[in-house]
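**Q** Here it is, the structure, as structure tokens.
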Amino acid sequence: MIRRFVTLLLLLTVAQTAAAQTAVREIRIVPGPLERALAEIRRNGNIDLVFASRYVDGVTTSCRFSGRNVTRALECAVRGTSLEAVRVRSRQFVLRPRAVEVVPPVMAEPVKPPLPSPTATLGGYVLDAETGDVLPGAIVYLPEPRLGVVTNAGGYFALPGLDMGTYRVQASYVGYSGIDTVVAAGVRVAFRLRPSRIVAPEVVVERLGGAQPSAAAGAMDLSAAQLAAFPPPFGEQDVLRQVEWLPGVSRSGAAVGGVLVRGGEPDENLYLLDGAPVYDPFHAFSLVSAFQSETIKSVRLYRGVFPADYGGRLSSVMAFELKDGNQQRPGATVGASALAARFVVESPVNRDLSFMLAARRSYLDKLLGSVHPVEADSVRDTLRTGYYFDDLVGRLTYRPGRRHRLAATYYRGGDRLDVRLPLDVSFNPSELSRILRPADLFFDVDFKWGNDLGSVRYEYLFSPQFYGTATLYRSRYEAAENTQIRPTTRTLFSSDYRIGLDELGGSVGGEWFAPGGSSVRAGLQASRRSFDSFLSSHVETGTPSTPAVERSESLTLEGSLYAQSELRMAEGLRVQSGMRLSGFSLGRHYYLLPNLSVEYDAVPGEATVQVGVGRQVQFLHRLRDRYSLLYDLVASRWIPASDSVLPATGWMGTGGLVLTPRRGVALRFDAYLRTADNVLLPRDAYQPKDGVVGAGTGLAALLGQYAPATARAAGVEITVQTSSEDWSLYTAYSGEISSRRPVGQADFQGARFAVPHRLEVVGRRALGRWTFTLSGEARSGLPDAVPTALYRLGDGLGNDELYLLRPNGYNGRLPATARLDASVEVRWTMVDASWRAVVQLYNLVNIQNVIGRTYVPTERGVEVLDTRGLRFPLPLFELAMTL
């Protein structure tokens, strides 16, 4: 009975809403401006009336009308003008120039050439219907005349040079329901797409009709919803870590370490947040990224050929765009995972202004405590085991009109490690009592590092065919380490170590949309960077001594001019080419950086071929600093190119084939070849960095540990994706050969992070509110340097020492690794809020991978000690509530 009542109530509500939407009030028209009469018809006739403002500006009507017939009201309003009203749908009309019949003269006269047909631009924005946020990377496609474009970073698109008339238009964006409508050329439109749930991680191909996201080989526009379809690494959604499921993108370690893209080094990736560079985009020693997924709108990834408006790195560009903030209504998300708690708030302030604010903090130190008073044998001490990370991000967006958009972004995020423990500490859980005890010999480290950045971006639509953007930003990375070590009762070592990089920059650019779906972008970019480092070290041995202090500072300027074009040469053929001129002040380095990408629809809608080649330059090198005690954690310094340190340069060539033989099936085959020169590699890769060696932060001492090298890599990538409405299977294989040759060596040797084979599989099944995911990864082990000989040195008095002879390079490899994870997600509504809960089992089948290997010389030979990863399945969770 209750179910019938609810059904009847819903039917009555729908009928009442439909009646209200189709109700027509009395229309009254009097002589005057035509625009006023059309507004009256649109408002009281309850219709959608589409027209270009230039057709009605200054035009008057002599009509007098009173009634409810919309068609007659329109005919009366345009009578005596050069316009006519055409019905395209039941309640949608288009106003267009009236067709004029030409009567040929009776007398034969010379035929005059026909006047060119008037053309118009179909342009506008693609928006999120629920929040009003722009959607960059959305596809807008006209089935006739088979033209497609992609919205730019401001969500804008334009198709100029169209004949006057109406066109069928399709708009789509992954994670949203597409629309199919009819629009008149010459009208600026706003397509509002509604979010939809994604089951499959749709990253192989994104097409609508014959439109493609970009002609740039290796380019991907990824929405946050797309990445959310991949399983998160540690329970919590993490857009940067979920990018690693893509072929050619991996980690330098089992769970932590830098991101590697197509045989590159960790410092060869450029991370941008709303146009500002982020120099350390990770928390927790790179375990999680520094960006909250709920704040990210989209990610633009270039892992092949970069367009000319991006530069400064050799391997990849990852440009993250924040959400503007909900323009329709206030909203909030509160969540917690096994690592951290977070919140996101977004709301409109008024009609033109909205904001988004988010914060996150880890809480393990709050649960376990960070300060531990201890006492033994009447000796008291205070030990510390504190670690946490936090971040804060906000964005304020102002839109005074369709032509203007101003966005201001602020981000601050960092980590802190505060530890004081006995010097002979053992981290064996069975010996916990030996950790938490007073000790005369101890080490005390307080380490802080993080990013602080802000940016302002202004976008202006000068005309339907020209879109301008200006960006100003400041980004700073800082790390500070205060250390005290007492190795003996009479010796105390103290050090104060600090490094920083401060960048102030900006860019101005414009995009011109040409007829036929082509476009041209051009602009300039400039930045000023200051590098500073400081070290003060002091050894107390009971006698007076003076601290050793050294400071290093440098200032650099970098500027670039660029031009990039995307041309539709013929049906199904797109060519993207560009040139970038980059200059660097130290050393006066100048480089011309060309790029070329070609894309061809061999079989429209089923097979697409991509090829591309491009050159890049990197003026910054990131080196691990031996003067930091915590060498193997996050200590690194960015070193600018100079007269003595050449910039790293490289070429990338790539090709691919995308096949979509039928709905729900997509395959992608890619191959690449890249080379790089002047890449800095450590000379003493096998020397342990377990202490501070001397005082000083001078570049000469640091650079003495590194050697310039030539790098090369080649690889193949295969991605297969099958999906239906409620299940999907994603498989990706990456095969790679990469090597390095330091200056002075004749032969290439294997790269330190080279992984020849990597296979990833993600299976998802949606059953109503529930989603089940099973994911796995298998890959070759990391390179290893296996000792080639064991020898003994002595003085003849019995003081013999055993030593291992290591090769000058890698001659072995650790065992292959594998991991299988499982997760269950459920969504429900309760107390006017949407809830989402995820339970994940990391390392489901308890595979104890070898992640490191140590060789120890003994009298019996060489003893091999393996370091293994997680020794048990790790349960993880995430709970989020959205209002």
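**Q** With the requirement that a residue be within 17 Å of Gly776 (Cα to Cα), hydrophobic (A, V, I, L, M, F, W, C) and buried (at least 23 other Cβ atoms within 10 Å of the Cβ), what does region 221-239 give you?
**A** Listed by number, the residues that qualify are Leu227, Ala229, Phe230.
**Q** So is Thr382 in contact (Cβ under 8 Å) with a residue 24 or more places away in the chain and either more than 27 Å from Phe462 (Cα to Cα) or of a type outside the set (S, T, N, Q) (or both) or not? It would help to see each step written out before you state the result.
**A** Details: in contact (Cβ under 8 Å) with a residue 24 or more places away in the chain: yes; either more than 27 Å from Phe462 (Cα to Cα) or of a type outside the set (S, T, N, Q) (or both): yes.
So Thr382 passes the test.
**Q** From the list Gly809, Gly781, Gly763, pick out the single residue that is in a strand (DSSP E or B), surrounded by 14 or more Cβ atoms within 10 Å (Cβ to Cβ) and either touching a strand residue (DSSP E or B) at 6+ places or on another chain (Cβ under 9 Å) or charged (D, E, K, R) (or both).
**A** So the residue among Gly809, Gly781, Gly763 that is in a strand (DSSP E or B), surrounded by 14 or more Cβ atoms within 10 Å (Cβ to Cβ) and either touching a strand residue (DSSP E or B) at 6+ places or on another chain (Cβ under 9 Å) or charged (D, E, K, R) (or both) is Gly763.
**Q** Here's a follow-up. Which residue pairs have Cβ atoms under 9 Å apart, sit 6 or more places apart or on different chains, and have a first residue in region 843-871 that is farther than 29 Å from Leu805 by Cα and a second that is open to solvent by 70 Å² or more (accessible area, probe 1.4 Å) and among the aliphatic types (A, V, I, L, M)?
**A** Close Cβ pairs (under 9 Å, with a partner that is open to solvent by 70 Å² or more (accessible area, probe 1.4 Å) and among the aliphatic types (A, V, I, L, M)) amount to Leu844/Leu774.
**Q** Out of region 264-279, which residues are modelled with pLDDT of 90 or more and outside any helix (DSSP H, G or I)?
**A** Gly264, Asn269, Leu270, Tyr271, Leu272, Leu273, Asp274, Gly275, Ala276, Pro277, Val278, Tyr279 - these are the residues of region 264-279 that are modelled with pLDDT of 90 or more and outside any helix (DSSP H, G or I).
Yes or no, residue by residue, for (1) under 30 Å from Arg188 (Cα atoms); (2) of a type in the set (D, E, K, R):
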{"position": "Ala340", "(1), (2)": "no, no"}
{"position": "Ser347", "(1), (2)": "yes, no"}
{"position": "Ala359", "(1), (2)": "no, no"}
{"position": "Arg416", "(1), (2)": "no, yes"}
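**Q** Right, another one. Among the numbered conditions (1) out of contact with any helix residue (DSSP H, G or I) (no Cβ under 9 Å at 6 or more places or on another chain); (2) closer than 26 Å to Leu364 by Cβ; (3) of a type in the set (Gly, Ala, Ser); (4) at pLDDT 90 or above, tell me where Ala290 comes up short.
**A** Going through (1) out of contact with any helix residue (DSSP H, G or I) (no Cβ under 9 Å at 6 or more places or on another chain); (2) closer than 26 Å to Leu364 by Cβ; (3) of a type in the set (Gly, Ala, Ser); (4) at pLDDT 90 or above one by one, Ala290 breaks only (1).
**Q** Here's a follow-up. Taking the stated definitions as given, is Thr333 surrounded by fewer than 23 Cβ atoms within 10 Å (Cβ to Cβ), touching a strand residue (DSSP E or B) at 6+ places or on another chain (Cβ under 7 Å) and closer than 28 Å to Tyr387 by Cβ? Walk me through how you get there before you give the answer.
**A** Details: surrounded by fewer than 23 Cβ atoms within 10 Å (Cβ to Cβ): yes; touching a strand residue (DSSP E or B) at 6+ places or on another chain (Cβ under 7 Å): yes; closer than 28 Å to Tyr387 by Cβ: yes.
So Thr333 passes the test.
**Q** Here is a further query. Just wondering, is there one or more residues in region 515-524 that are open to solvent by less than 50 Å² (accessible area, probe 1.4 Å), within 26 Å of the chain's Cα centre (by Cα), polar (S, T, N, Q) and over 30 Å from Gly500 (Cα atoms)?
**A** Yes, region 515-524 has at least one match.
**Q** Okay, moving on. Under 9 Å between Cβ atoms, which residue pairs at least 6 apart in sequence (or on different chains) link something in region 528-544 that is part of a loop (DSSP other than H, G, I, E, B) with a partner that is of a type in the set (Ser, Thr, Tyr) and open to solvent by less than 40 Å² (accessible area, probe 1.4 Å)?
**A** Once the first residue is part of a loop (DSSP other than H, G, I, E, B) and sits in region 528-544, its partners that are of a type in the set (Ser, Thr, Tyr) and open to solvent by less than 40 Å² (accessible area, probe 1.4 Å) give Thr541/Thr491; Gly542/Thr491.
**Q** Out of all the residues in region 630-639, which are open to solvent by 10 Å² or more (accessible area, probe 1.4 Å) and modelled with pLDDT of 85 or more?
**A** First pass over region 630-639, keeping only residues open to solvent by 10 Å² or more (accessible area, probe 1.4 Å): 630-634, 636-638.
Listed by number, the list holds a single entry, Trp638.
**Q** Within region 864-872, can one find any residue that is closer than 30 Å to Arg769 by Cα and open to solvent by 30 Å² or more (accessible area, probe 1.4 Å)?
**A** The initial filter retains those residues of region 864-872 that are closer than 30 Å to Arg769 by Cα, namely 872.
In the following step, the residues that additionally are open to solvent by 30 Å² or more (accessible area, probe 1.4 Å) were identified as 872.
Among the residues of region 864-872, at least one is closer than 30 Å to Arg769 by Cα and open to solvent by 30 Å² or more (accessible area, probe 1.4 Å), which makes the answer yes.
**Q** Here are some conditions: (1) touching a residue at least 12 places away in the same chain (Cβ under 8 Å); (2) farther than 23 Å from Gly523 by Cβ; (3) in a loop (DSSP other than H, G, I, E, B). Arg351 meets all but one. Which one does it not meet?
**A** Result: Arg351 passes all but (1).
**Q** How many residues does region 648-665 hold that are more than 23 Å from the chain's Cα centre (by Cα) and touching a residue at least 40 places away in the same chain (Cβ under 8 Å)?
**A** The initial filter retains those residues of region 648-665 that are more than 23 Å from the chain's Cα centre (by Cα), namely 648-649, 657, 659-665.
When the remaining residues are screened for being touching a residue at least 40 places away in the same chain (Cβ under 8 Å), the result is 648-649, 657, 659-661, 664-665.
Adding up the residues that qualify gives 8.
**Q** Okay, moving on. Restricting the search to region 784-806, which residues are touching a Lys or Arg at 6+ places or on another chain (Cβ under 6 Å) and in a loop (DSSP other than H, G, I, E, B)?
**A** Kept after step one, since they are touching a Lys or Arg at 6+ places or on another chain (Cβ under 6 Å), are these residues of region 784-806: 784-785, 787, 800, 802.
Matches in region 784-806: Ala785, Pro787, Asp800.
**Q** Next question. When region 646-669 is examined, which residues are found to be part of a loop (DSSP other than H, G, I, E, B) and surrounded by fewer than 20 Cβ atoms within 10 Å (Cβ to Cβ)?
**A** Residues of region 646-669 part of a loop (DSSP other than H, G, I, E, B): 646-647, 663-664.
Those that are part of a loop (DSSP other than H, G, I, E, B) and surrounded by fewer than 20 Cβ atoms within 10 Å (Cβ to Cβ): Leu646, Arg663, Gly664.
The values are calculated or read from the model by the stated rules, or taken from the named source; none is laboratory data. Since we're looking at a predicted model, the values are computed, not measured. Neighbour counts are summed over all protein chains in view; Cβ atoms, including those assigned to glycine, are modelled from backbone coordinates with ideal geometry. Protein only, heavy atoms only, side chains kept; ligands, DNA and RNA dropped before computing areas. Shrake-Rupley method; radii C 1.70, N 1.55, O 1.52, S 1.80 Å.
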